[in-house]
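Comments concern the structure below.
The values are calculated or read from the model by the stated rules, or taken from the named source; none is laboratory data. Model, not experiment: these values are computed from the prediction. Ideal geometry is used to build each Cβ from the backbone, glycine not excepted, and the neighbour counts take in all protein chains shown. Calculation scope for accessible area: heavy atoms of the full protein, side chains included, ligands and nucleic acids excluded. Shrake-Rupley method; radii C 1.70, N 1.55, O 1.52, S 1.80 Å.
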Amino acid sequence: MSKVRSVLIVGGGVAGPVTALALRKAGIDATVYEAYPSAADGIGGTLAIAPNGQAALDVVGALAAATAGALPITKTAMSFGRKSVELPRLAGLPPMRLVHRSELYRGLYEVAVAAGVRFEHGKRLIGLDEGAGGVTARFADGGTATADVVVGADGVHSTVRGLIDPDAPGPGYTGMLGFEAVVDRPVPIETGTMCFAFGKRAYYLYWQRPDGRTGFGANLPQDRPMRLTQARAVPAERWLRRLRETYGQDEPGGDLVRHIEPDRLTVTGSLHIMPSVPRWYRGNVVLVGDAVHAPSNSSGQGASLAIESAIELARCLRDLPDTASAFAAYERLRRPRVEGIAARAAKINHMKAPGTVARAVLPVLMRLLMKTAMRPEKAFGAEQRYRIDWSAPVVTGAKTLSVGG
Ligand SMILES: Cc1cc2nc3c(=O)[nH]c(=O)nc-3n(C[C@H](O)[C@H](O)[C@H](O)COP(=O)(O)OP(=O)(O)OC[C@H]3O[C@@H](n4cnc5c(N)ncnc54)[C@H](O)[C@@H]3O)c2cc1C
């Protein structure tokens, strides 16, 4: 049984509210400090919640609220040029759900508030001081707050990560910039079908919406990363020109990009992947979610893994007597899984925006990718069937404390 009574969580995105909910379920008081002034910033496109992420949300009673309005993806297909192949599904699992990032944030926020979690908005963390009385967080507005434990759930550009270890690596850039749009054009696929398309020059995806319009997402090759504010400052017409140059020859990509209205184009930002982070915790400060394991959007697992880690961290703090043993167990439980998934996503990234060398071997890589996707149990079974047994006690030294992965 833990001696931890109070936890201060930095970041009110996905991992932050879920950690708070799980800690409350474990009888530990948690407060979330979020840099932005409101609950949902409206930034970002759609996120996938995989079956494992849905099961994890269910553990904290947030599944319905977090996925209200989500689109179930009942079929997936992969296409190369004009060739398109339907991918087999994993038997017995619910479909992946597509949810708008800001709706997911809002749903989690509302469930957490209803469960008694306190949120402080407009609180940007800038420093941490650890002493005998706990860890004191310092915020940009001059305020401070103290708790037994601080959790850094502050995303891929985490401040807490650098405070734990000044030599911690930053996020790696995948060489792609994300875009999304809803297009008033039909595509010849059923509602709820998602198609992953490897175009002539770059990767894109599209899905049929229930309203008859088409959801479109692009991973545009871009030499240097851009801050979201920088990318958004570029006029939409200019981005549309780039998208039309890149996808204009593709089918149905060319038709879709020619019909995107400038005011319907959303830049979702530079796509990142976190390299292995050597230190997940120090003293009474620990990381969770994208701050420690952003697997890149190619995995379709970013939000789902953040949710799982949040719950596993709370379980460890619930069951183990001190933070040293709780954080060690948490890292042991999570590191192999999240790093394995990130490694798979990194391989796909090379195919999405191939350089000259990769382009030469692309047909071989594509055949490999297709072969993998056609054996979903082998490729994604462990990833998507992973379940957290909330009632099972965490014990130190145990190799696997959860089922499925
Ligand atoms: C701008 C943006 C757009 C994205 N768009 C997509 C997308 O379209 N599709 C997709 O699949 N994934 C997207 N992602 C990734 C996805 O949102 C994450 O994988 C997922 O939300 C992981 O949750 P998290 O809680 O770890 O991090 P996040 O959801 O990023 O949450 C981190 C939170 O911490 C807050 N924060 C950061 N620094 C501080 C600080 N110093 N003090 C206090 N609070 C702080 C942030 O404001 C944010 O609310 C996007 C991420 C970002 C940042």
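Taking label points 7 Å from Cα along the Cα-to-Cβ direction, Glu190 and Tyr36 give a separation of 3.5 nm. From the P(r) of the chain, could you give the percentage of C-alpha pairs in the tail past 30 Å? Tail fraction, whole percent: 40.
Given a 1.4 angstrom probe, I'd like the percentage of the accessible area of the chain that is carbon and sulfur, rounded to a whole number. It would help to have the intermediate numbers written out before the result.
Numbers: 9210 of 17280 Å².
Its accessible area is 53 percent carbon and sulfur atoms.
Largest mean-square fluctuation among Ala168, Ala50, Ala291, in a Gaussian network model of the chain whose springs join Cα atoms under 10 Å apart, belongs to Ala168. The charge dipole of the chain, taken about its Cα centre with unit charges on the Cβ atoms of Lys, Arg (+1), Asp and Glu (-1) only, comes to about 1180 debye.
Hydrodynamic analysis of region 235-281 uses the Kirkwood radius over alpha carbon pairs. Inserted into Stokes-Einstein at 10 °C and 1.306 mPa s, it gives a translational diffusion coefficient of 123 µm²/s.
Given a 1.4 Å probe, how much area per residue of region 192-304 is accessible, in Å²?
Working: 4790 Å² over 113 residues.
Heavy-atom accessible area per residue stands at 42 Å².
Comparing Ser38, Ser391, Ser309 in a Gaussian network model of the chain where C-alpha atoms under 10 Å apart are linked, the largest mean-square fluctuation is found at Ser391. Only lysine pairs 8 or more places apart, or on different chains, with alpha-carbon atoms under 26 angstrom apart are counted in the chain, and they number 23.
Label zone of Arg82 (point 7 Å out along Cα→Cβ, amide N under 16 Å): in region 180-197 this covers 188. Using only alpha carbons, region 8-86 has a radius of gyration to Kirkwood radius ratio (Rg to Rh) of 1.11.
Given region 59-102, what whole percent of its Cα pairs are spread farther than 16 Å? Intermediate values should be presented prior to the final figure.
Numbers: 516 of 946 pairs.
Value for region 59-102 (Cα pairs over 16 Å): 55 percent.
Electrostatic tally near Pro376: other residues with Cβ closer than 14 Å to its Cβ, Lys and Arg +1, Asp and Glu -1, net +4.
Contour minus end-to-end for Ser6 and Asp165, with contour as 0.36 nm per residue of separation and end-to-end as the Cα-Cα distance?
Details: separation 159, 0.36 × 159 = 57.24 nm, distance 2.30 nm.
That works out to 54.9 nm of additional length.
For the options Ala15, Ala294, Ala236, a Gaussian network treatment of the chain with springs between C-alpha atoms closer than 10 Å singles out Ala236 as fluctuating the most.
So what is the calculated 222 nm ellipticity per residue for the chain, using -39500 (n - 2.57) for each DSSP H run with n of 4 or more, over all residues, to the nearest 500 deg cm²/dmol?
Working: 14 runs with 146 residues, N = 405.
Per the formula, -10500 deg cm²/dmol.
Of Ala233, Leu220, Ile49, which is farthest towards the positive pole of the chain's charge dipole, taken about the Cα centre with +1 and -1 on the beta-carbons of Lys, Arg and Asp, Glu respectively? So the residue furthest toward the plus end is Leu220. The residues packed around Arg82, meaning those with a beta-carbon under 12 Å from its beta-carbon, carry a net charge of 0 if Lys and Arg are +1 and Asp and Glu are -1. The Cα center of region 120-192 and the Cα center of region 266-282 differ in position by 9 Å.
Around Gln230, what is the net charge, scoring Lys/Arg as +1 and Asp/Glu as -1 over all other residues with Cβ under 13 Å from its Cβ?
Details: positive: Arg224, Arg227, Arg232, Arg238; negative: none.
That sum, taken over residues with Cβ under 13 Å, equals +4.
Within the P(r) computed for region 208-266, what percentage of the Cα pairs occupies the region above 20 Å? Cα-Cα pairs of region 208-266 separated by over 20 Å account for 27 percent.
Semi-axes of the equivalent ellipsoid for region 100-256, computed as √(5λ) from the eigenvalues of its C-alpha gyration tensor and ordered from largest down, come to 41, 21, 13 Å. A convex hull fitted around the alpha carbon atoms of region 82-176 yields 226 Å³ per residue. When DSSP beta bridges are restricted to pairs lying wholly in the chain, around 70% turn out antiparallel.
Please report the spacing between the Cα centers of region 1-73 and region 208-236 in Å, no decimals. Cα centroid to Cα centroid, the span is 26 Å.
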